[in-house]
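This report concerns only the one structure given below.
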Amino acid sequence: MEIIRQPNAMTSWSDEMRDAGRSICLVSTMGFFHEGHLALMRKGSEIADEVVVSLFVNPMQFGPQEDLSSYPRVFEKDAAMAREVGVAVMFAPAPEDVYAPGFQSRVEVDGLTEQLCGRSRPGHFRGVTTVVAKLFNMVKPHFAVFGEKDFQQLAVLRRMTVDLNFDLQIIGHPIVREQDGLAMSSRNSYLDEEERRQALSLHQALLLARQMVVDGERDAVRLQEELGGFFKKFDRAEVDYVAVVDSENLNAATVINEKSLLVLAVRIGKTRLIDNTLLMG
Ligand code: AMP
């Protein structure tokens, strides 16, 4: 596995691969790999000849009160894990090479970013779309795989790709979970023992909601209220949002149907966790 630091070296590598007729899949990450990241990389190897993993803790997508400086960084361990699953290149640029002096451009998707995580994390999606657009230009992939755990991010990036005519295909990957159901996340490492126990409330809420739908519930507002009450049983849990939305456009749903997605953002202690599930099927 090659480790590339410079954006122009990354682009030259990709140009060579493209000239040789090899397809490239990008998996963009902030590192501290877990099975969720590795599953995306394996998916990349199934669909393309070469997998490029970017590792960049993107300052632009963190708010002033967020965990940029404390975000876990374990470069050597990540490199070993990526090598193990057959990644061709780990692209790990420095912030000053991604945002060179004088940088003053932004990529912004409207609408889709104005609700859910966009509301509680102002500027977050602007940071994500700006860096991913730059990564698309630096890596020139044919495919890019993103996890459905970050469902809104996936929807926003699909929109950006269509709207800005990026010549690549976006692939979504199902959520990878711990054995007890907690969605894997680099941020789970912040949880102490009691918080780790209470973090299971997110998965339990998804299961409760799916059961309510199996039992005939079709009223999204009633379901949201029931889940709001459920989280009150957990003293470390503070709900940011519990919402039923249309999985295609993320608009709030009133009646639950096949397209309805339940999305959750809950703070467990200081750690903000997200999860989601389709409510039917
Ligand atoms: P991150 O390093 O947290 O920015 O995540 C990098 C990529 O991995 C994103 O596309 C995430 O959606 C995806 N990802 C993170 N956790 C999971 C998970 N538990 N299951 C599936 N994909 C995930």
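Just so it is clear, none of the values below were taken in a lab; they were calculated from the coordinates. Only a predicted model underlies this, so the values are computations on that prediction, with no experimental measurement involved. No Cβ is skipped: glycine too gets one built from the backbone with ideal geometry, and neighbour counts run over all protein chains shown.
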Over its Cα atoms, what ratio of radius of gyration to 2.2 N^0.38 Å does region 93-251 give? 1.21
Between VAL214, VAL244, VAL266, where does the largest GNM mean-square fluctuation fall for the chain, given springs only between Cα atoms within less than 10 Å? VAL214
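Rounded, prolate or oblate: which one fits region 1-45, using the alpha carbon gyration tensor with axes a ≥ b ≥ c (rounded when a/c is under 1.5, else prolate when a/b beats b/c, else oblate)?
It is oblate, given that a/c is not under 1.5 and a/b is not larger than b/c.
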Neighbour net charge for MET138 - beta-carbon separation under 13 angstrom, K R +1, D E -1: +1
At a Cα cut-off below 20 Å, give the lysines reachable from LYS232, other chains included and same-chain residues fewer than 8 away excluded. LYS270
GNM, the chain, Cα, under 10 Å: largest mean-square fluctuation among PHE143, PHE234, PHE125? PHE234
16 Å tail of the calculated P(r), region 33-74, as % of Cα pairs: 52 percent
Which shape class applies to region 28-182: rounded if a/c is under 1.5, otherwise prolate when a/b exceeds b/c and oblate if not, where a ≥ b ≥ c are the square roots of the Cα gyration tensor eigenvalues? rounded
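Fully extended, how many nm does the chain gain between GLN211 and ASP67 (0.36 nm per residue separation, minus their Cα-Cα distance)?
Separation in residues times 0.36 nm, less the Cα-Cα distance, equals 48.3 nm.
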Tell me which of MET160, SER186, GLN211 sits at the most positive position along the dipole axis of region 125-229, charges placed on C-beta atoms (Lys, Arg +1; Asp, Glu -1). MET160
Could you pull out every residue, at least 5 positions away or on a different chain, whose amide H is within less than 5 Å of the one on LEU273? Hs are placed 1.01 Å off N in the peptide plane, and Pro or chain starts have none. VAL266, ARG267, ILE268
Go ahead and set up a Gaussian network model of the chain, Cα springs under 10 Å, then flag whichever of GLY36, GLY216, GLY118 fluctuates most. GLY216
Environment charge at ALA209 (Cβ cut-off 13 Å; Lys +1, Arg +1, Asp -1, Glu -1): -3
Based solely on its DSSP helices, what 222 nm [θ] is calculated for the chain when runs of n ≥ 4 H residues each add -39,500 (n - 2.57) and the sum is averaged over all residues, nearest 500 deg cm²/dmol? -12000 deg cm²/dmol
Residues whose modelled amide H sits under 5 Å from the amide H of ARG177, counting only those 5 or more places away in sequence or on another chain, are MET184
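Looking at the chain only, what percent of DSSP beta bridges run antiparallel? Nearest 5 please.
50 percent
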Kirkwood hydrodynamic radius of the chain from all distinct Cα pairs, in Å? 19.7 Å
Could you tally the net charge around VAL255, taking each other residue with its Cβ under 13 Å from the Cβ of VAL255, Lys/Arg +1 and Asp/Glu -1? -1
With charges only on Cβ, +1 for K and R and -1 for D and E, what is the dipole size of the chain about its Cα centre, in debye, rounded to 20? 220 debye
